[in-house]
1. Within the stretch 225-257, track down each residue that is under 21 Å from the mean Cα position of the chain (by Cα) and hydrophobic (A, V, I, L, M, F, W, C).
2. What pairs come up if the first residue lies in the stretch 229-257 and is in the same structural domain as residue 420 (by TED's automatic domain parsing) and exposed (fewer than 13 other Cβ atoms within 10 Å of the Cβ), the second is assigned to a strand (DSSP E or B) and of a type in the set (Lys, Arg), and their beta carbons are under 8 Å apart, counting only those six or more places apart or on different chains?
3. Does residue 163 count as closer than 27 Å to residue 440 by Cα and either among the acidic types (Asp, Glu) or in contact with a strand residue (DSSP E or B) (Cβ under 7 Å, 6 or more places away or on another chain) (or both)?
4. At least 1 residues that are touching an Asp or Glu at 6+ places or on another chain (Cβ under 8 Å) and β-branched (Val, Ile, Thr) in each: list the helices (runs of 4 or more DSSP H) lying fully within the stretch 147-261 that qualify.
5. Inside the stretch 258-274, can you point out the residues that are at pLDDT 95 or above and either acidic (Asp, Glu) or closer than 14 Å to residue 424 by Cα (or both)?
Amino acid sequence: MVTGDNDPLSDFQITEEWIYRGEGNCNVVLSLPKSRKILRIRKIDRPRTLIGWLIVWINDFLYWYCGKGIKEELRDLKFYSTVMRPLVGRRYTSEADQVFLSRKQIKIFEDSLGKYRPEFRKQKILQYSRASLFDDFAFIPKDEYEYLPFEMSQNTYAIEIKPKQGWRPLSEKHFPACLFCMHQYLKAEKKQIRCLSKYCPEDLFSGDDIRMKYAIKSLIEVPQNNFRIFKNGKLVYGEGVGMEFCKIVEQLFETYSENLERLRDEFCDLIRTCLLTNLANIDSSDDCEDKLFCEWNKIIQEANRQICLPKGSILEKILSIQMLDTEGCSYYNKLLSRERLKEWDYVDMLLNKISDDCACLKCVIMMLGNTSRAGDELDLKFVPYLISAIAKDCSLMITLKKIRENISDLEMKNVVHTNLGQFLVNVGVFDLYPKRLSSITKHCKRNKEILQAYQRATST
């Protein structure tokens with residue numbers, strides 16, 4: 001079986017250990033420890049009627065006979081590699097390989113995953129023929145440390161953060177609080193969370209030491225689905241699961257004589273430093289050669305000037321993509337309500353507009369959003385918002401290995417120094433797949449519900 005580009009499509013063999021890593025609204029994620037890979041499998045709504053199951057069976061046949069599912073997965077991966085990887089930076093993202101899962105393999109996974117998946121996630125089932133492999137950011141690539149001239153810990157720790165939305169577009173600047181903070185009240189109403197989180201994305205993205213430290217501490221105290229810690233690829237800390245945080249940081253720093261508050265402070269400082277350090281070589285494609293006519297440069301100058309993040313740091317990368325949305329979902333939803341457009345047409349149209357020699361990808365995206373007026377071009381009007389939405393919902397992982405020698409006099413880009421030793425660091429970003437066009441309407445409806453829930457909670 002081959003892809004549309006005539007590249008061989010790998011058949012996936014279920015021959016090694018796999019671990020349920022988690023899932024979102026669209027994908028189930030499995031860890032493959034031996035190969036240090038992540039298998040991402042697409043999900044679809046679970047049919048509720050006999051006719052529904054018949055439609056799924058027919059679609060599965062069409063996916064196999066016409067290669068529909070394979071083509072859709074290839075489209076998503078092209079978008080990921082052509083748009084999102086250059087925007088975030090190749091140093092912070094993984095290569096992706098499409099693989100083929102047979103109907104029998106899907107059934108094996110479905111049967112085995114039942115005991116791990118949360119009940120509210122079981123409303124969706126695995127989709128036939130749509131899967132891909134990525135590097136597992138819970139591990140540091142061996143080629144980054146195998147030949148280093150100093151001893152390191154055998155253990156690898158990975159801190160996963162879902163940072164969420166760090167700035168407000170025009171239509172949200174009048175909101176009484178950030179969307180994440182207000183969303184807590186809606187989740188509490190629906191009994192989706194046990195207690196409110198004090199975490200605020202705007203604190204994390206502020207670049208201010210005190211605010212960032214408070215944000216990280218808040219994530220530790222109430223992780224929800226925004227904060228998890230892995231040890232050697234296995235989950236050891238998260239919402240309602242894992243060991244005590246104090247034991248984790250003792251093992252991480254390999255010290256058992258410090259008090260918990262000191263260790264917590266050192267941990268927060270370590271994470272903050274990793275988030276603010278430029279671990280990537282800035283691609284020239286990230287910067288427009290002609291700053292005078294750069295649409296993106298104009299947006300940056302007019303945006304919140306108080307936000308100051310180091311160029312090339314992972315937070316700066318993510319926030320700069322979020323800032324492609326200058327208007328907010330209500331503006332785009334009004335435009336969308338007057339048109340009948342297909343969910344995914346904008347992806348292929350965008351890929352056709354992007355050339356290898358474009359000086360600034362953000363400029364191209366902004367110009368498409370500003371100049372698209374009618375006909376086929378109208379689909380591209382929504383591109384800035386949809387790409388921004390991906391960055392508002394992505395996840396990042398900071399991976400650490402303790403260096404067991406004092407190398408405080410050695411300067412290396414991927415080594416972070418703390419008061420309790422040095423760490424080899426890797427940072428990766430994932431969940432960078434295209435959003436449906438209808439997600440604009442979904443986000444507008446959600447924002448309205450969030451505001452109403454917040455008003456009900458604060459009025460009492």
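1. Residues of the stretch 225-257 under 21 Å from the mean Cα position of the chain (by Cα): 225-239.
Across the stretch 225-257, the qualifying residues are 227, 229, 230, 235, 236.
2. Matching pairs, first to second residue: 254/402.
3. Details: closer than 27 Å to residue 440 by Cα: yes; either among the acidic types (Asp, Glu) or in contact with a strand residue (DSSP E or B) (Cβ under 7 Å, 6 or more places away or on another chain) (or both): yes.
So residue 163 fits the description; yes.
4. On the way: elements: 179-189, 201-204, 209-221, 245-253.
Because the criterion is at least 1 residues that are touching an Asp or Glu at 6+ places or on another chain (Cβ under 8 Å) and β-branched (Val, Ile, Thr), the helices (runs of 4 or more DSSP H) in the stretch 147-261 that meet it are 245-253.
5. Residues satisfying the conditions are 265, 266, 269, 270, 271, 273, 274.
Here's the yes/no breakdown for (1) part of a helix (DSSP H, G or I); (2) charged (D, E, K, R); (3) over 24 Å from the mean Cα position of the chain (by Cα); (4) within 26 Å of residue 182 (Cβ to Cβ):
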site	(1), (2), (3), (4)
425	no, no, no, no
428	no, no, no, no
434	no, no, no, no
437	no, no, no, yes
441	yes, no, no, yes
445	yes, yes, no, yes
452	yes, no, yes, yes
456	yes, yes, yes, yes
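Residue-by-condition table, conditions (1) buried (at least 20 other Cβ atoms within 10 Å of the Cβ); (2) in the same structural domain as residue 310 (by TED's automatic domain parsing); (3) free of Cβ contacts under 8 Å to residues at least 24 places away in the same chain; (4) not polar (S, T, N, Q):
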residue	(1), (2), (3), (4)
129	yes, no, no, no
151	no, yes, no, yes
173	no, yes, yes, yes
179	yes, yes, no, yes
184	yes, yes, yes, no
187	no, yes, yes, yes
203	yes, yes, yes, yes
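Yes/no per residue for (1) within 15 Å of residue 325 (Cα to Cα); (2) buried (at least 22 other Cβ atoms within 10 Å of the Cβ); (3) at pLDDT below 80:
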site	(1), (2), (3)
351	no, no, no
364	yes, no, no
375	no, no, yes
387	yes, yes, no
397	no, no, no
404	no, no, no
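The values are calculated or read from the model by the stated rules, or taken from the named source; none is laboratory data. All values derive from a computational prediction rather than experimental measurement. Glycine gets a Cβ as well: all are built from the backbone with ideal geometry, and neighbour counts include every protein chain shown.
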